[in-house]
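A quick write-up on the structure given underneath.
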Amino acid sequence: MFRLSHYMQQLVNPTPVRHRSGPVRPVVIWNLTRRCNLKCRHCYAVAADHHFPGELTTEEAFAVLDDLAAYRIPALILSGGEPLSRSDTLSIARRSKSHGLYTALSTNGTTVTHSVARELAEIGFDYVGISLDGIGSTNDWFRGQNGAFDAALAGVRACKARGVKVGLRFTMTGDNARQLPDLLKLAAAEGVEKFYLSHLVYAGRGNKHRCDDTNWSTTRTAMDGLIERAWQSANTGLPLDIVTGNNDADAVYFLQWASANFASEQVAHLRRHLEAWGGNSSGLGVANIDTQGVVHPDTYWSDYAIDSVRNRPFSAIWEDLGDPMLAGLRARPRPLKGRCGICAFKSVCGGNTRIRALQLTGDPWQADPACYLSDTEIGLGADQGIERLQVIEPFRGKRHDPAHRFH
């Protein structure tokens, strides 16, 4: 996750660089269930509205939670499917908060009524992220249900009314990128604290529809808008924290924006901060536990299992570097190939999102095809002879038009 607003502040109010010291504990994203009342086109969990057998029991979930707390993870994000469709999710959250853990909820928001929001506030959720994929009918088409936008927006307002910190989560594709400015306006109008833009990842239904990914020009335009908004916030105090996820080239793009607009010493200071962050953190600062208790490097690596919490505790799994993928993801620098391997900024982005390279080539260390920076921008000479990967459509057929969403 690239904290754009946070790093924008380093250009306005610089602070000393803080380097990691001691062992790194991961933020754990826990998919409690695959059940969901919606059917989103890009769902990495391939969720559906029915029961999935084999999910962890309440007792098993409590045992996992106690281990996570003892292991001193910095944060726990309860996700799904739709996590609120599981009857004991709020009990798990209460136990998490009793351990003093930072506890967040990732929800589609459609079932967050005022009574649910009251309970979220009573439990003490630190953050609730509600997903929207556009305004009105565009969101409903993406989410596969009429009225989903209105229901999710009602959930946002219910949380705000109860004093729960809430943010909007937006997965950008070629079909909804044009609505990013309107979503930023909506975030401001509703007074939400955070706006999270997720680039498309080729996992679950997101892989089936990877032909819907934005082109590089569209991605750059979107980033220009986010950078402008973050700059406004930094200078006017407008309370909107902007972050992006799943394309760590965003940090390099921002660094080059800074190079065009600020003095060299300010840019050097920003780069030191970005290198201390290190970019993509799959398998190091981020971990995933799926509904069956299987541990993955992050939520998009569902096809790669490290081990199961039914076999041994998460803490033991995460400390065991006998797994070659985990060891490779934690290596700095990672064993990158192609454009990523010779990029002048790999210390900033960490090689970006490895799962896209794996999906397209079968090799997780090849270049990320969603890097939207030119060879010149990443320091490659014209004679390198490195070919760029292209997103390959996994099936034949025309792209869907949101205008025909329910026909």
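The values are calculated or read from the model by the stated rules, or taken from the named source; none is laboratory data. Worth saying up front: this structure is predicted, and the values here are computed from it rather than measured. Neighbour counts run over all protein chains shown; Cβ positions are idealised from the backbone, glycine included. When the accessible area is computed, the model is the full protein with side chains, heavy atoms only, and any ligands, DNA or RNA have been set aside. Shrake-Rupley method; radii C 1.70, N 1.55, O 1.52, S 1.80 Å.
Just a few scattered comments:
- Rounded to the nearest 0.05, the FRET efficiency derived from the C-beta distance between SER91 and ASP224 at R0 = 51 Å is 0.70.
- Among 317-326, 29-38, the order from most to least packed when residues are scored by Cβ within 10 Å on average: 29-38, 317-326
- Accessible area per residue for region 48-165 is 39 Å², calculated with a 1.4 Å probe on protein heavy atoms, without ligands, DNA or RNA.
- Computed accessible area, TYR372, all protein chains, 1.4 angstrom probe, square angstrom: 10 Å²
- Counting Lys and Arg as +1 and Asp and Glu as -1 over every other residue whose Cβ lies under 9 Å from the Cβ of VAL294, the net charge comes to -1.
- Built amide H within the under 5 Å cut-off of VAL286, gap 5+: VAL27
- Karplus-derived HN-Hα couplings along region 329-344 (A = 6.51, B = -1.76, C = 1.60, θ = phi - 60°), whole Hz, x at Gly and Pro: 5, 8, 5, 10, x, 6, x, 7, 10, x, 4, 5, x, 10, 5, 6
- Lys/Arg +1, Asp/Glu -1 at C-beta; the chain dipole; positive extreme among ALA177, ILE378, PRO324: ALA177
- Cross-link table LYS165/LYS346; LYS39/LYS346; LYS97/LYS194, entries beyond 29 Å C-alpha to C-alpha: LYS165/LYS346; LYS39/LYS346
- Modelled spin labels at GLU193 and SER259, positioned 7 Å past Cα toward Cβ, are 3.5 nm from each other.
- Extension gain, ALA63-LEU238: 0.36 nm per intervening residue step, less the Cα-Cα distance, totals 58.8 nm.
- From its DSSP helices (H runs of at least four residues, each -39,500 (n - 2.57)), the chain gives a residue-normalised ellipticity at 222 nm of -11000 deg cm²/dmol.
- Protein accessible area in the chain, 1.4 Å probe - carbon and sulfur %: 51 percent
- Solvent-accessible area of LYS337 with every protein chain in place, 1.4 Å probe, in Å² to the nearest 10: 90 Å²
- Solvent-accessible area per residue for region 337-386 (1.4 angstrom probe, square angstrom): 36 Å²
- For the pair ARG332 and VAL24, label points projected 7 Å from Cα toward Cβ lie 0.6 nm apart.
- By DSSP, the beta bridges lying fully in the chain are antiparallel in about 15 percent of cases.
- ³J(HN,Hα), Karplus 6.51/-1.76/1.60, whole Hz, each residue of region 159-167, x for Gly, Pro: 5, 4, 5, 9, x, 8, 5, 9, x
- As a ratio to 2.2 N^0.38 Å, the alpha-carbon radius of gyration computed for the chain takes the value 0.95.
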